[in-house]
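Taken together, the values in this text are just the output of simple stated rules run on the coordinates, not laboratory data. Predicted, not measured: the structure shown is a model, and the values here were computed from it. We place every Cβ from the backbone using ideal geometry, glycine too, and count neighbours over all the protein chains shown.
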Amino acid sequence: MTRLLMCRPDHYGIYYEINPWMDRGHQADRGVAVRQWEALYRLLTEGLQVQVELLPPVPGLPDLCFTANAGLLVNGLFVSSRFRYREREAEVPHCTQWFAERNYRVACLPEPAFFEGEGDALFCGNDLFAGHRFRSELHAHQLLAELLGLRVHSLELADPWFYHLDTCLCPLQPGRAAYYPEAFSPASQRLLKEAIPELLPVTEAEAKRLACNALVIGRSVVVNAGCPHLSRTLTEAGYHVHEVETTEFLKAGGGPKCLALSLDRDGS
Ligand code: ARG
């Protein structure tokens, strides 16, 4: 059974601007956000039999609901994030405390380097891909590789709208991923093509609806509503597609995937 960590968006809103999606003049409706989050939670727990753990929300930390950015959990070791922007720094102690209290091993990178957890670090099969430039730093990838004893494929992001790797790459199964090519530097596009034999490109319009920020649970894929091309491609490839509305989270630059953190990744 898949286990994920989520956090209710009880204190969510657009209170600062740290990526191009965020505009304090284009406020999220918290009531709608809570309903969208609850629909995702119900789909995962009731429809897809996922075990969801809950991180308590904290006033003044509007982005805490994006638990994918708490850190990266591999083989029971939680590597906590080090956020690029001061606005999110105060999330770190809450997340590390949650893991420490549940007897996970908790580590941070041995040297200061920005690292934004699963937002910028995704497994495709046993291969770990990590994004850098807008949030995480290349140096953090090397430190992460040493800490986990794994090889990390570093990918350079090229477009500030796709500031985290999980906004433009969606691993589906070993050797297969959906992606938005233009979000990567030319060298990283080449690297992806070599490392992942089957890449399904998403259109610009759907990338801008964070189509790649989809949550993959076995053969089921939870995709943001309004991405018909990707939904069709996935259905034809044999996946069960579940569409959810995340309009309020899009205003902060997030979709279904970044509202959850994987708790059962084993990186063997
Ligand atoms: N407002 C948040 C930020 O800019 C959104 C994070 C979305 N998370 C993700 N993994 N893409 O940091």
Review point. Is it possible to state the helix-based mean residue ellipticity at 222 nm for the chain, with each DSSP H run of 4+ residues giving -39500 (n - 2.57), the sum divided by total residues, to the nearest 500 deg cm²/dmol? What is it?
Key: -6500 deg cm²/dmol
**Study point:** Gain in span if fully extended, Glu53 to Asn103, counting 0.36 nm per residue against the direct Cα distance
**Key:** 16.6 nm
Check your understanding: Quick one: putting +1 on the C-beta of Lys and Arg, -1 on the C-beta of Asp and Glu, what dipole do you get for the range 212-258 around its Cα centre, in Debye to the nearest 20?
Key -> 120
Exercise for review: Please give the FRET efficiency for Gln173 paired with Glu245, using the beta carbon to beta carbon distance and R0 = 35 Å, rounded to the nearest 0.05.
Suggested key: 0.85
Practice item. Name the most mobile residue of Lys208, Lys193, Lys251, meaning the one with the largest mean-square fluctuation, in a Gaussian network model of the chain with Cα contacts below 10 Å. Key: Lys193
Practice item. Convert each backbone phi in the range 82-96 into a coupling constant with the Karplus relation 6.51 cos²θ - 1.76 cosθ + 1.60 (shift: θ = phi - 60°), then list the ³J(HN,Hα) values in order as whole Hz, x for Gly and Pro. Key: 10, 6, 5, 9, 3, 4, 10, 4, 5, 6, 4, x, 5, 5, 5
Check your understanding: When we measure straight from the Cα of Lys257, which aspartates and glutamates land under 17 angstrom away, once same-chain ones fewer than 8 places off are left out?
Key -> Glu38, Glu53, Asp63, Glu116, Glu118, Asp120, Asp166, Glu206, Glu243, Glu245, Glu248
Study note, to complete from the structure: Those chymotrypsin sites (Phe, Trp or Tyr not before Pro) from the range 40-145 that are DSSP loop and have at most 14 other Cβ neighbours within 10 Å turn out to be Tyr85
